Amino acid sequence: MSRTALRICPLCEATCGLTLTVEGNEVTGARGDREDVFSKGFICPKGASFGAVDGDPDRLRTPLVRRDGELREATWAEAFDAVAAGIRPVVERNGPHSVGVVLGNPNVHTVAGALYPAVLLARLGTRSLFTASTVDQMPKHVSSGLLYGDALAIPVPDLDRTDHLLLIGANPLESNGSLCTAPDFPGRLKALKARGGTLTVIDPRRTRTAKLADRHLEIRPGTDALLLAAMTYVLFEEDLVDLGESAPHVEGVSEVREAVREFTPEAVAPACDVEAGVIRTLARELAAAPTASVYGRIGSCTVPFGTLGSWLVDVLNILTGNLDRPGGALFPLAATDRTRPAGPGRGFRLGRWHSRVSRYPEAKGELPLSALAEEIDTATEEGEPIRALIAVAANPVLSAPDGDRLDKALGALDFMVSVDPYLNETSRHADVVLPPPPPSQSPHHDFALNALAVRNQVRYSPPAVPLEPGRMAESEILSRLVLAATGMHGADPSAVDDLVIGQTLGKAVEEAHSPVHGRDPRELAAQLTGESGPERRLDLMLRLGPYGDGFGADPDGLTFARLLEHPHGIDLGPLRPRLPQALRTRSGRIELLPRPIADDLPRLGAALRERPDGLLLVGRRHLRSNNSWMHNVPALTGGTNRCTLHIHPEDAERLGVRDGAPVRVKGAGGEVTAPAEVTEGVRRGVVSLPHGWGHDRPGTRLSHAATNPGVNVNQLLDGSLLDPLSGNAVLNGVPVEVAALVTTP
Ligand SMILES: Nc1nc2c(c(=O)[nH]1)N[C@H]1C(S)=C(S)[C@@H](COP(=O)(O)OP(=O)(O)OC[C@H]3O[C@@H](n4cnc5c(=O)[nH]c(N)nc54)[C@H](O)[C@@H]3O)O[C@H]1N2
Ligand SMILES: Nc1nc2c(c(=O)[nH]1)N[C@H]1C(S)=C(S)[C@@H](COP(=O)(O)OP(=O)(O)OC[C@H]3O[C@@H](n4cnc5c(=O)[nH]c(N)nc54)[C@H](O)[C@@H]3O)O[C@H]1N2
Ligand code: SF4
Ligand SMILES: [Mo]
């Protein structure tokens, strides 16, 4: 007997609602949920393979614990005993910073990943936090922190209403979007064109998104900040600056005019390979469009000027009056967001502490993932190296620079625990592996991604299938991990949720603006509904949130119980202007030229005069992939999803590289050999390899991935190239040497 169940897809940032077909407890099919308030039936090939991803036979079913050097199946009790025994002595001997925490990308796609890591960090008291953000979007957090005083206040393009979209270093036709949650991003771009809007794409590759554009500029990798600075220059030079409604909330406009003086279109054109006249046109079109939005993603973040580029994206939106207006770029307001009255905030600071070895400044409480290996393998007088590691949903051996060094460093730790469904390149080093259940057995709510969505909405999926015997919910795994790692091993895991609920309510009743001001926290806690700790915490956040019932203050407001009555979600309307309420700067205004940005601009000026020769490496994503962890699903591999080196025909000819033949690629961190794919899909002087491959290390359990392992592009990096303000790794525009592999007959 088959039945259906609704489940929000956790496989990328688009958050599509799926209708799963379930037979017994197995997911045998998935289609788009046409009644979903946000995705309206859209599904991509990855979502359609939900069942195969969910049912992968290589997913671990029981914890693994290392005994006599070997990882062996164990009970949950044995596993958490081993965690407590492994971590506590390290903390007691070497202090909290000697325990590192690594959080990977899937934490933004799980309820547990949203709710427990913050508790773990607070209770451990470690500053050794590394996440996927510093190989991804940290520049955007830093620019938002500096501009708006809140690293999480990221404006998103108003895709459904804009007249003009300038897309930089993003390929949503394959990635389905990022820092801009929009189910059916491709359809939304087509709708933009159909209503007479224009789409410009800046990308060194001729991507599927670029093919859809009215104009595609094949920029030289790493130079977007120069181009955007020149556009800013033109806005001032041609008197096109008009802040519109946001004007009263912005300070520092004339300082920006001064700061971009040297970045004339003529000066930047040779560095960017974009003609000065075209740069002027881009600026004029942006200013002339009734509404417009500039949006940058991976290709604009993971580069040496990532923070400057991310800042300039917003500067252009602000100077053209497009920030905070419909059709421009707006701040979403999610149902679980905290509300606060407008007024000066605490601001955002960088570099409150530094990494031990290379003295990298923290950003948003994190150290660069690129520095993880050296923080483990290098002793200094500053303090103890990291001796124990907690990795949750992270595979840095493949996703961070110089996996070989990290691989060795992980092998030398005193203790490591991985919360991961797979025994893979990273978790194989763990002493304890704690496997979460597959997504069908987990609840879903997009705590992080709804705050980046192009439409305000709220949806919740309860588990589609009951927990299999012997499984433990990921929220319970993380609660028990918190307890075991922080000296409370053996306590009831609900203690963690109760602690957070108590603290949150305790604070809320003290806040003058809160709907629960002056009430009794225990009385409020008793009103929470939900069958589990995470559900009760969601109820708490919804009720205190901007659409919430305020525990009775607004009887029509949102509660978890009300959300359950709407299995396809509740639409909360289009994005609305939120200035000045969204601001947390000390001035209470948008600080358009923050000090750290001004101090970094001379470095961009120096780049005007550099134009190194040689090939530059960029990445790419395939529609049927997700970073490092979907190459084990046969339905998602093969076809175009292959680990090949894209190279332009002219470069191939010059280097004697033949299509399909192996080429050696060499970078600062090492070399790899991959088959060449000669294609005009990449511009001259640029080559492209996808990331997340290199599944040929021993001791993993990825049977399908191992049959076609590919190579780890991040081995070409040595980890020393960073965007200095954010600590983000430089993954794009990396100099490499390419040579045809000479095979002697
Ligand atoms: N060269 C290059 N490198 C890159 C990038 C690039 O563009 N180019 N992109 C970067 C980006 S944007 C990112 S986000 C990072 C990603 O870097 P990571 O987060 O390290 O890698 P992922 O492959 O996303 O997955 C991490 C792990 O999560 C596990 N996992 C999957 N589902 C779950 C779950 O439900 N619960 C738990 N606990 N674990 C789960 C997987 O098995 C995997 O081991 O890679 C970065 N690396
Ligand atoms: N199918 C699939 N979807 C995914 C993922 C996946 O692995 N596969 N990963 C998810 C994750 S974690 C993320 S963060 C998002 C990322 O989402 P996107 O940012 O849309 O992803 P990419 O496809 O990496 O697009 C980056 C583009 O930047 C271009 N580029 C490289 N260097 C430069 C440069 O210097 N300047 C400019 N202008 N462009 C440059 C590249 O050619 C590439 O086309 O995708 C998410 N969705
Ligand atoms: S676009 Fe993303 S969220 Fe939607 S079905 Fe595909 S993988 Fe899932
Ligand atoms: Mo990412």
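Would you work out if region 2-54 is rounded, prolate or oblate? Take a ≥ b ≥ c from the square roots of the eigenvalues of the alpha-carbon gyration tensor; rounded if a/c is under 1.5, else prolate when a/b is larger than b/c, oblate otherwise. If you can, show how the numbers build up before the last one.
Details: a/c = 2.25, a/b = 1.40, b/c = 1.61.
Oblate.
How far is the Cα center of region 485-526 from the Cα center of region 530-576, in Å?
18 Å
For Cα pairs less than 8 Å apart in space and 6+ apart in sequence, what is the mean separation divided by the residue count of the chain, i.e. the relative contact order in percent?
Details: 1764 pairs, mean separation 145.3, N = 745.
Across the chain, relative contact order equals 20 percent.
Could you tell me which residue out of 202, 263, 105 lies farthest along the dipole of the chain toward its positive end? Charges go on the beta carbon: Lys and Arg +1, Asp and Glu -1, centred on the Cα centre.
Among 202, 263, 105, the one farthest towards the positive end of the dipole of the chain is 202.
Sticking with the crude label model, points 7 Å out along Cα→Cβ, report the distance from residue 520 to residue 661 in nm, one decimal please.
Result for the modelled spin labels: 8.2 nm.
Region 623-682: which GluC sites (Glu not before Pro) are DSSP loop and have at most 15 other beta-carbon atoms within 10 angstrom? Please report the intermediate quantities before stating the final value.
Values: sites: 650, 653, 671, 677, 680; in loops: 680.
Counting only loop positions with at most 15 other Cβ atoms within 10 Å, the GluC sites (Glu not before Pro) in region 623-682 are 680.
Just list whichever of 211/364; 40/211; 193/666; 40/364; 40/193 have alpha carbons separated by over 31 Å in the model shown.
Details: 211/364 36 Å; 40/211 25 Å; 193/666 41 Å; 40/364 35 Å; 40/193 20 Å.
Pairs exceeding 31 Å: 211/364; 193/666; 40/364.
Work out the FRET efficiency for residue 412 and residue 561 from their Cβ-Cβ distance, taking R0 = 51 Å, and round it to the nearest 0.05.
Numbers: r = 51 Å, r/R0 = 0.99.
For R0 = 51 Å, the calculated efficiency reads 0.50.
Among the trypsin sites (Lys or Arg not before Pro) within region 232-312, which fall in a DSSP loop and have no more than 15 other Cβ atoms within 10 Å of their own Cβ?
Working: sites: 257, 261, 280, 284, 297; in loops: 261, 297.
For trypsin sites (Lys or Arg not before Pro) across region 232-312 that sit outside H, G, I, E and B with at most 15 neighbouring Cβ atoms in 10 Å, the list reads 261.
Starting from the Cα-Cα distance between residue 640 and residue 247, subtract it from 0.36 nm times their residue separation and give me the gain in nm to one decimal. It would help to have the intermediate numbers written out before the result.
Numbers: separation 393, 0.36 × 393 = 141.48 nm, distance 4.78 nm.
In short, 136.7 nm is gained.
In region 56-82, which residues have a backbone nitrogen under 19 Å from the label point lying 7 Å from residue 2's Cα in the Cα-to-Cβ direction?
Output list for this probe position: 56.
Points 7 angstrom from Cα along the Cβ direction at residue 529 and residue 278: gap in nanometres?
It works out to 5.8 nm between the two label points.
When a/c is below 1.5 the answer is rounded, else prolate if a/b is larger than b/c, else oblate, so apply that to region 193-272 with a ≥ b ≥ c taken from the square roots of the Cα gyration tensor eigenvalues. Before the final figure, lay out each step's value.
On the way: a/c = 2.69, a/b = 1.37, b/c = 1.96.
Oblate, since a/c reaches 1.5 and b/c is not below a/b.
Leaving out same-chain residues fewer than 8 places away, which aspartates and glutamates sit with a Cα under 19 Å from that of residue 46?
Candidates past the 8-residue exclusion: 13, 26, 33, 36, 54, 56, 58, 174, 184, 446.
If a paramagnetic tag sat 7 Å from the Cα of residue 28 along the Cα-Cβ line, which residues of region 44-69 would have the backbone N under 12 Å from that point?
From region 44-69, the list is empty.
Grab the Cα-Cα distance for residue 740 and residue 70, subtract it from 0.36 nm times how many residues apart they are, and report the gain in nm with one decimal. Display every interim value, and only then the final one.
Values: separation 670, 0.36 × 670 = 241.20 nm, distance 4.05 nm.
Going from the current span to full extension adds 237.1 nm.
Can you bin region 58-166 into rounded, prolate or oblate? Criterion: square roots of the alpha carbon gyration tensor eigenvalues sorted a ≥ b ≥ c, rounded for a/c under 1.5, prolate for a/b above b/c, oblate for the rest.
On the way: a/c = 3.35, a/b = 1.89, b/c = 1.77.
Since a/c reaches 1.5 and a/b is larger than b/c, the shape of region 58-166 is classed as prolate.
Would you grab the residues whose amide H sits under 5 Å from the one on residue 453? Only those 5+ places off in sequence or on another chain, please, with H modelled 1.01 Å from N.
Sorted by chain and number, the residues that satisfy this are 181.
Pop a pseudo-label 7 angstrom from the Cα along the beta-carbon direction at both residue 684 and residue 668 and give the gap in nm to one decimal.
Placing both labels 7 Å beyond Cα along the Cβ direction yields 2.8 nm.
Of the listed peptides 485-496, 407-418, 517-528, what is their order by residue-averaged count of other C-beta atoms within 10 Å, with the highest listed first?
On the way: 485-496: 17.2, 407-418: 20.2, 517-528: 14.1.
With the highest mean Cβ count within 10 Å placed first, the list reads 407-418, 485-496, 517-528.
Name the residues whose placed amide hydrogens come within less than 5 Å of the amide hydrogen of residue 691, ignoring near sequence neighbours (fewer than 5 apart) on the same chain.
Amide H neighbours of residue 691: 620.
Rounded to whole Å, give me the distance from the Cα center of region 263-309 to that of region 432-452.
37 Å
Where the Cα atoms of the chain are projected onto their three principal axes, how long is each span, largest first, in whole Å?
74, 66, 62
Alpha carbon centre of region 128-207 versus region 689-745: separation in Å?
Centre-to-centre (Cα) distance: 25 Å.
What list of ³J(HN,Hα) couplings, whole Hz, do you get for region 510-525 from phi and the Karplus terms 6.51, -1.76, 1.60, once you set θ to phi - 60° and write x for glycine and proline?
Once θ is set to phi - 60°, the couplings for region 510-525 become 8, 7, 4, 7, 6, x, 9, 3, x, 8, 8, x, 5, 5, 5, 4 Hz.
Placing +1 on the Cβ of each Lys and Arg and -1 on the Cβ of each Asp and Glu in region 399-459, which of 450, 437, 409 has its Cα farthest towards the positive end of the resulting dipole?
450
All of the numbers you see were taken from the coordinates with simple rules; none came from a lab. Keep in mind the model is a prediction, meaning the values are calculated, not measured. Please note: Cβ atoms are built from the backbone with ideal geometry, for glycine as well, and neighbour counts cover all protein chains shown.
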